[in-house]
Amino acid sequence: MASSPQPDQPDLPRWGTVSTIKAGARDILNFAGYHLEAGASQLFLYLDAPCPEAMPHLRAHPAIRVFNCTPAFWEKRHGGRPEKHQARQSANATRTYRRFCGGLDWLTHIDADEFIWSEEPVAQLLCNLPASDPSVQVRPVESLGGSRSAFKAAAAPGPGRAATVARAYPGFGEHLKTGFLSHTQGKVFLRTGLSDVQFRIHHGFQNGEELKARIDLPGADLCHLHGKDWDDWHRQYGYRLQKGSYRAELSPARPRGKGGVNLHDLLSALEAEGGTEGLQRFYQDVCADTPALRARLEAEGLLRIRALPLDELRRKHFPDFG
């Protein structure tokens, strides 16, 4: 990750992040410290659950604005708390864009387990974009469990994608469209100052029409820590199966008429047949940071090494936390 832009570079655009977060103090401060180091001028953090351990450190930082999303918060602003977390995320991101971005040129909506990685400063990458582009996409890479440096890229679309995924994940590749367990859309930066803008999870809308990103942000990846290790993945599994990225309504990699099943069906069947051991077998083959999986990904051109010094940067920006 490049160092943050220096104060003597006034011509570089100012960018910020907005996030709705339900996490422990260490994870919240890891996220904040990393993006402060990456050059974000402002972080807007909406705590979806109270985190009194992190709150004094967040409030003390001049580049962070933090909100406790209490029932009173939701009642005052939206007439009540939206049931789905996706709706809460979109509401908070849209509110931030419309009310608090006067000093920013760009705003991106990302989650606490997503980290923008680039070798050049993010501001420099944004500076190079055509002035006519209202949005730009940052594509994800998905972590290998147990590592903060090894990630996999999604298999590229085209006639050879299914074969690539089958070789990279021989046990389960037929059920994985790209090799990812989570989203492949990534997230967007939106240029500020646009009228009637709404943020959604992966896109922005203006006047009800999607602001389609014409290009991806060159030289940048969205490093997604979808599961830090087996215990973390398994702890989140039930929620993701019911309400998150493994929920039942999502489409399978292949049409159901041709034998396709989505992740919800696949993981539910593995759990029904083999319990935790069935899920562990899937995790080991598809997610875990093993020499075998690294070798297969490298052979397909899908391995990405992206160091994320999260603990180091948390200690740098929040030294009183440790």
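Determine if the stretch 299-313 includes at least one residue that is out of contact with any strand residue (DSSP E or B) (no Cβ under 6 Å at 6 or more places or on another chain) and over 24 Å from Leu222 (Cα atoms). Taking every residue of the stretch 299-313 in turn, none turns out to be out of contact with any strand residue (DSSP E or B) (no Cβ under 6 Å at 6 or more places or on another chain) and over 24 Å from Leu222 (Cα atoms). Contact map, the stretch 182-199: first residue without any contact (Cβ under 8 Å) to a residue 24 or more places away in the chain, second residue of a type in the set (S, T, N, Q), Cβ cut-off under 6 Å, separation 6 or more or different chains; pairs are Asp196/Gln206; Asp196/Asn207. If you scan the stretch 204-223, which residues turn out to be surrounded by 15 or more Cβ atoms within 10 Å (Cβ to Cβ) and without any contact (Cβ under 8 Å) to a residue 40 or more places away in the chain? Across the stretch 204-223, the qualifying residue is only Phe205. Counting just the residues of the stretch 72-120 that are touching a Gly at 6+ places or on another chain (Cβ under 8 Å) and either farther than 16 Å from Trp15 by Cα or in the same structural domain as Leu313 (by TED's automatic domain parsing) (or both), which one comes out modelled with the lowest pLDDT? Out of the qualifying residues, it is Glu119. Among the residues of the stretch 64-94, those that are of a type in the set (A, V, I, L, M) and either in contact with a strand residue (DSSP E or B) (Cβ under 6 Å, 6 or more places away or on another chain) or surrounded by 16 or more Cβ atoms within 10 Å (Cβ to Cβ) (or both) comprise Ile64, Val66, Ala91, Ala93.
Restricting attention to the stretch 123-161, the residues that are on the phi > 0 side of the Ramachandran plot and in contact (Cβ under 8 Å) with a residue 60 or more places away in the chain add up to 1.
What about Asn30, is it modelled with pLDDT of 95 or more, out of contact with any Lys or Arg (no Cβ under 6 Å at 6 or more places or on another chain) and of a type outside the set (Ser, Thr, Tyr)? Even if it seems obvious, please write down each step before you answer.
Numbers: modelled with pLDDT of 95 or more: yes; out of contact with any Lys or Arg (no Cβ under 6 Å at 6 or more places or on another chain): no; of a type outside the set (Ser, Thr, Tyr): yes.
No: the conditions fail for Asn30.
From the list Ala220, Ala168, Ala153, the one residue that fits, being in contact with an Asp or Glu (Cβ under 6 Å, 6 or more places away or on another chain) and not assigned by TED's automatic domain parsing to the domain that holds His85, is Ala168.
When you check Arg281 against the structure, is it in the same structural domain as Phe172 (by TED's automatic domain parsing), touching a residue at least 40 places away in the same chain (Cβ under 8 Å) and surrounded by fewer than 17 Cβ atoms within 10 Å (Cβ to Cβ), yes or no? Yes; evaluated as a whole, the condition is true for this residue.
Only one of Lys187, Lys228 is charged (D, E, K, R), under 13 Å from the mean Cα position of the chain (by Cα) and within 29 Å of Val261 (Cα to Cα); which? Outline the logic, then answer.
Values: Lys228 fails: under 13 Å from the mean Cα position of the chain (by Cα).
So the residue among Lys187, Lys228 that is charged (D, E, K, R), under 13 Å from the mean Cα position of the chain (by Cα) and within 29 Å of Val261 (Cα to Cα) is Lys187.
Restricting attention to the stretch 291-322, the residues that are at pLDDT 95 or above, closer than 17 Å to Leu225 by Cβ and not in a helix (DSSP H, G or I) add up to 6. Starting from residues that are in contact with a Phe, Trp or Tyr (Cβ under 9 Å, 6 or more places away or on another chain) and aliphatic (A, V, I, L, M), keep the ones in the stretch 166-197 and report whichever is surrounded by the fewest Cβ atoms within 10 Å (Cβ to Cβ). Looking at residues that are in contact with a Phe, Trp or Tyr (Cβ under 9 Å, 6 or more places away or on another chain) and aliphatic (A, V, I, L, M), I get Leu194.
Here is a yes/no grid of residues against (1) at negative phi; (2) among the aliphatic types (A, V, I, L, M); (3) touching a Pro at 6+ places or on another chain (Cβ under 7 Å):
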site: His224; (1), (2), (3): yes, no, yes
site: Leu250; (1), (2), (3): yes, yes, no
site: Gly257; (1), (2), (3): yes, no, no
site: Val261; (1), (2), (3): yes, yes, yes
site: Glu273; (1), (2), (3): yes, no, no
site: Glu277; (1), (2), (3): yes, no, no
site: Arg281; (1), (2), (3): yes, no, no
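For Ala295, the criteria (1) closer than 27 Å to Glu119 by Cβ; (2) in the same structural domain as Ile28 (by TED's automatic domain parsing) hold in every case but one, which is (2). In the stretch 301-317, the residues that are within 27 Å of His57 (Cα to Cα) reach residues that are surrounded by 15 or more Cβ atoms within 10 Å (Cβ to Cβ) and polar (S, T, N, Q) with C-beta atoms within less than 8 angstrom, at least six apart or across chains, in these pairs: Leu310/Asn30; Asp311/Asn30; Leu313/Asn30; Arg314/Asn30.
The C-beta contact set for the stretch 25-52 (first residue closer than 20 Å to Gly322 by Cα, second residue of a type in the set (D, E, K, R) and surrounded by fewer than 21 Cβ atoms within 10 Å (Cβ to Cβ), distance under 6 angstrom, 6+ apart or interchain) comprises Ala25/Glu53.
The values are calculated or read from the model by the stated rules, or taken from the named source; none is laboratory data. In this text the structure is predicted, and so the values were computed from the model without any measurement. Virtual Cβ from ideal backbone geometry, glycine too; neighbours counted across all protein chains shown.
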